[in-house]
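Presented below is the structure to which this report refers.
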Amino acid sequence: MLLQTPRARLRRLLHPGGPSPLAGRTVLVTGASSGIGEATAHAVARRGASVLLVARRAEELARVAEVTSAGGRATTYVCDLTDPEALDALVERVLAEHGVVDYLVNNAGRSIRRSLDLSYDRFHDVERTMAINYFAPVRLTLGLLPAMRAQGFGHVVNILSWGVQLKAPKFSAYLASKTALDTWSRIAAREAYGDNVTFTNMRFGLVRTAMVAPTEAYDGMPAMSAEDAAARVVRALEDRPVVWNSPIGVAGEVVGLVAPRLMDAVMWRLDQRTSNSAAASGQVARDRS
């Protein structure tokens, strides 16, 4: 469910086959070594963008860059985004080499599915998810925002989860960090509105990537492919909507507002019917290859 801006609707009506707004622009994608990040890098490069690929794994980044550069220009930056000094150095280098980043895709993240019963002595789950899902994208965005605002253009896409609407059980640490970024970005968007710098919060459902592989509960569940998710990210980059929602996320949010205790009861029942994964329970996860 993509809520377009009026300007985006008009552009599509007047120029249905026109060039992409990404052509000739610089797009930075975090978590670009696999999954949604990799697929997004390929997709924006095919539209003529200069793609900056950021991730921790140098070999995987090089592989992605080799494929991506066939459709456009690709530059790799190896960085642990949870290291503040490394992240600040990344911002300094990127701005020195490219002047400004026109589009930022905050995709890198960590998901933890673990019940409260198994979390009482695991506060580090909260710290780990906040480090990569909230602190890192906020710090990176703050580093790149001044140049965006100075040039009078910029757009930030945050890869979030429909769980920020559904408040799904067993995801307390993960969804708290995603909700924090969702809220921070909405406020930042209002302050940067006059500088033509905009934000899109994409609240995806299940996407079939390596991040969800250790969780047996996802087996057989309907899931979007990384390529389909990337297509929606590109659409958000081009049209700059405020939010991308799924129908289930919207429905859950509405029920939660209208009948919160009913939603609590439904989610409690769901929690009782689903178990922790082997990984969440501290067991050796089964082979997912």
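Filtering 74, 136, 150 for residues that are surrounded by fewer than 19 Cβ atoms within 10 Å (Cβ to Cβ) and either within 20 Å of residue 187 (Cβ to Cβ) or out of contact with any Phe, Trp or Tyr (no Cβ under 6 Å at 6 or more places or on another chain) (or both) leaves a single hit, 150.
Go through the range 103-125 residue by residue and tally those that are within 17 Å of the chain's Cα centre (by Cα) and of a type outside the set (Lys, Arg). So the answer is 9. Is at least one residue of the range 161-174 in contact with a helix residue (DSSP H, G or I) (Cβ under 8 Å, 6 or more places away or on another chain), touching a residue at least 40 places away in the same chain (Cβ under 8 Å), buried (at least 23 other Cβ atoms within 10 Å of the Cβ) and closer than 26 Å to residue 25 by Cβ? Checked the range 161-174: no residue is in contact with a helix residue (DSSP H, G or I) (Cβ under 8 Å, 6 or more places away or on another chain), touching a residue at least 40 places away in the same chain (Cβ under 8 Å), buried (at least 23 other Cβ atoms within 10 Å of the Cβ) and closer than 26 Å to residue 25 by Cβ. Scanning the range 17-69 for residues that are in a helix (DSSP H, G or I), within 18 Å of the chain's Cα centre (by Cα) and charged (D, E, K, R) returns a single hit, 38. Residues in the range 123-133 that are buried (at least 16 other Cβ atoms within 10 Å of the Cβ) and out of contact with any Lys or Arg (no Cβ under 7 Å at 6 or more places or on another chain): 126, 130, 131. The set of residues from the range 225-266 being in contact with a helix residue (DSSP H, G or I) (Cβ under 6 Å, 6 or more places away or on another chain) and not in a helix (DSSP H, G or I) comprises just one member, 244. Listed conditions (1) farther than 24 Å from residue 151 by Cβ; (2) part of a helix (DSSP H, G or I); (3) hydrophobic (A, V, I, L, M, F, W, C) are all met by residue 168, apart from (2).
Residue-by-condition table, conditions (1) assigned to a helix (DSSP H, G or I); (2) touching a His at 6+ places or on another chain (Cβ under 7 Å); (3) within 18 Å of residue 33 (Cα to Cα); (4) not hydrophobic (A, V, I, L, M, F, W, C):
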{"position": "76", "(1), (2), (3), (4)": "no, no, yes, yes"}
{"position": "81", "(1), (2), (3), (4)": "no, no, yes, no"}
{"position": "90", "(1), (2), (3), (4)": "yes, no, yes, no"}
{"position": "101", "(1), (2), (3), (4)": "no, no, no, no"}
{"position": "108", "(1), (2), (3), (4)": "no, no, yes, no"}
{"position": "117", "(1), (2), (3), (4)": "yes, no, no, yes"}
{"position": "121", "(1), (2), (3), (4)": "no, no, no, yes"}
{"position": "134", "(1), (2), (3), (4)": "yes, no, no, yes"}
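The single residue among 135, 153 that is aromatic (Phe, Trp, Tyr), touching an Asp or Glu at 6+ places or on another chain (Cβ under 9 Å) and either at positive phi or in contact (Cβ under 8 Å) with a residue 40 or more places away in the chain (or both) turns out to be 153. Given 177, 185, which one is modelled with pLDDT of 95 or more, surrounded by 15 or more Cβ atoms within 10 Å (Cβ to Cβ), in a helix (DSSP H, G or I) and out of contact with any strand residue (DSSP E or B) (no Cβ under 6 Å at 6 or more places or on another chain)? Within the list 177, 185, the selection yields 177. From the list 22, 87, 95, the lone residue that is at pLDDT 95 or above, more than 23 Å from residue 232 (Cβ to Cβ) and in contact with a Lys or Arg (Cβ under 8 Å, 6 or more places away or on another chain) is 87. For the range 199-231, residues that are closer than 20 Å to residue 26 by Cα and either surrounded by fewer than 19 Cβ atoms within 10 Å (Cβ to Cβ) or modelled with pLDDT under 70 (or both) total 1. For the range 100-113, give me each residue that is at pLDDT 95 or above and surrounded by fewer than 21 Cβ atoms within 10 Å (Cβ to Cβ). The one that is at pLDDT 95 or above and surrounded by fewer than 21 Cβ atoms within 10 Å (Cβ to Cβ): 100. Among the residues of the range 168-182, are any of a type in the set (A, V, I, L, M), within 30 Å of residue 48 (Cβ to Cβ) and within 18 Å of the chain's Cα centre (by Cα)? Yes; the residues of the range 168-182 include at least one that is of a type in the set (A, V, I, L, M), within 30 Å of residue 48 (Cβ to Cβ) and within 18 Å of the chain's Cα centre (by Cα). The residues of the range 114-158 that are hydroxyl-bearing (Ser, Thr, Tyr) and modelled with pLDDT under 95, listed by number, are 115, 119, 120. Among the residues of the range 111-132, those identified as under 29 Å from residue 54 (Cα atoms) and in contact (Cβ under 8 Å) with a residue 60 or more places away in the chain are 111, 112, 113, 114.
The values are calculated or read from the model by the stated rules, or taken from the named source; none is laboratory data. Everything quoted here is computed from the prediction, not taken from an experiment. Note that we place each Cβ from the backbone using ideal geometry, even for glycine, and neighbour counts take in every protein chain shown.
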